[in-house]
Amino acid sequence: MSSRVLVIRHHDIDSAGFVADALAARGAELDVHLYPDGGRPLPALDGADHVVVLGAVSSVNDPDPWIADELDWLRAADQAGVPLLGICFGAQAICAAFGGRVEAMARKEIGWFTVEPAGPEAIPAGPWLEFHGDRCLPPPQATVLARNPVGVQAFGIGRHLAVQFHPEVDGPQVKRWLDAGSSRDAELAGVDPDQLVAETIRQEPAARQRAGRMVAAALRWSARSLAASSG
């Protein structure tokens, strides 16, 4: 795989982490952009082979103009034939951009949880790091690839793959989130912040491997969808 991957992050403390490593191991060149960033637009899609959209503190349902602009950009990527991989907020943005709904949950899901894959080649069961207060209600044309008692955890739509969980994170990334103000969210969800960081560090070797399998699943999904559309 020799390709150019656009990575959209919404906070300067965020990194594509294990997902970036898995893509780079397959020969991808990563082009990372912060958005929103002082009025700068999202990058041009020319020459992009894939797009990865990371999480955000914001809700897709917030009225901020940049969110609507990002949804338009995702639809433009679809029209240009560029596959999307959405993570957490990124998954919710894909859901909203293509006719689904995103709703607030009564309680945030924070911590390491397993998911129930729809099939053996869909999405690894995990455990995966969850850190969200909204959930996706995908549109009818989507294929649900994993769920858990909270709701849909992964789905495909067209050539795009969306995952509610965070395959990219390591311990330092989680600590940056907590230090930036998310510790209170963890505590309200009944999660001890220090224990969450410790568990994330413990999970790192296996999480790196799972992220690689998830990236492989995303690439298979986009390739299969492309073959189906051109067949």
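The values are calculated or read from the model by the stated rules, or taken from the named source; none is laboratory data. A quick note: this is a predicted structure, and the numbers were derived from the prediction, not measured. Quick reminder, even Gly has a Cβ in these numbers, built from the backbone with ideal geometry, and neighbours come from all protein chains shown. Heavy atoms of the whole protein, side chains included, go into the accessibility calculation; ligands, DNA and RNA do not. Shrake-Rupley method; radii C 1.70, N 1.55, O 1.52, S 1.80 Å.
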Only residues that are touching a residue at least 24 places away in the same chain (Cβ under 8 Å), in contact with a helix residue (DSSP H, G or I) (Cβ under 8 Å, 6 or more places away or on another chain) and either charged (D, E, K, R) or in a loop (DSSP other than H, G, I, E, B) (or both): list them for the range 143-182, please. Gly158, Arg159, Gln164, Pro167, Glu168, Val169, Asp170
Kindly indicate whether any position in the range 3-10 is in contact with a His (Cβ under 8 Å, 6 or more places away or on another chain), open to solvent by less than 60 Å² (accessible area, probe 1.4 Å) and at pLDDT below 95. yes
Among Leu30, Leu6, the single one that is in contact (Cβ under 8 Å) with a residue 24 or more places away in the chain, in a strand (DSSP E or B) and touching a helix residue (DSSP H, G or I) at 6+ places or on another chain (Cβ under 7 Å) is Leu30
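One line per residue, one yes/no per condition, for (1) under 25 Å from Arg208 (Cβ atoms); (2) touching a Gly at 6+ places or on another chain (Cβ under 7 Å); (3) surrounded by fewer than 23 Cβ atoms within 10 Å (Cβ to Cβ):
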| position | (1), (2), (3) |
| --- | --- |
| Phe131 | yes, no, no |
| Cys136 | no, yes, no |
| Pro139 | no, yes, yes |
| Gly151 | no, no, yes |
| Ala154 | yes, no, no |
| Gln164 | yes, no, no |
| Pro172 | yes, no, yes |
| Arg176 | yes, no, yes |
| Ala180 | yes, no, yes |
Out of the residues in the range 9-18 that are in a loop (DSSP other than H, G, I, E, B) and of a type outside the set (Val, Ile, Thr), state the one that is nearest to Glu29 (Cα to Cα). Ala16
Hits in the range 52-71 (condition: surrounded by fewer than 22 Cβ atoms within 10 Å (Cβ to Cβ), in contact with a helix residue (DSSP H, G or I) (Cβ under 8 Å, 6 or more places away or on another chain) and not in a loop (DSSP other than H, G, I, E, B)): Ile67, Leu71
Can you tell me which residues in the range 88-116 are among the β-branched types (Val, Ile, Thr) and surrounded by fewer than 24 Cβ atoms within 10 Å (Cβ to Cβ)? Val102, Ile110, Thr114
Output the number of residues of the range 183-216 satisfying the condition of being within 18 Å of the chain's Cα centre (by Cα) and touching a residue at least 40 places away in the same chain (Cβ under 8 Å). 10
Somewhere in the range 117-128, is a residue part of a helix (DSSP H, G or I), open to solvent by less than 20 Å² (accessible area, probe 1.4 Å), within 18 Å of Ser15 (Cβ to Cβ) and modelled with pLDDT of 95 or more? no
Among (1) free of Cβ contacts under 8 Å to residues at least 24 places away in the same chain; (2) on the phi > 0 side of the Ramachandran plot, which single condition is Asp62 missing? (2)
Output for the range 86-119, where each listed residue is touching a Lys or Arg at 6+ places or on another chain (Cβ under 7 Å) and more than 18 Å from His166 (Cα to Cα): Ala97, Glu103
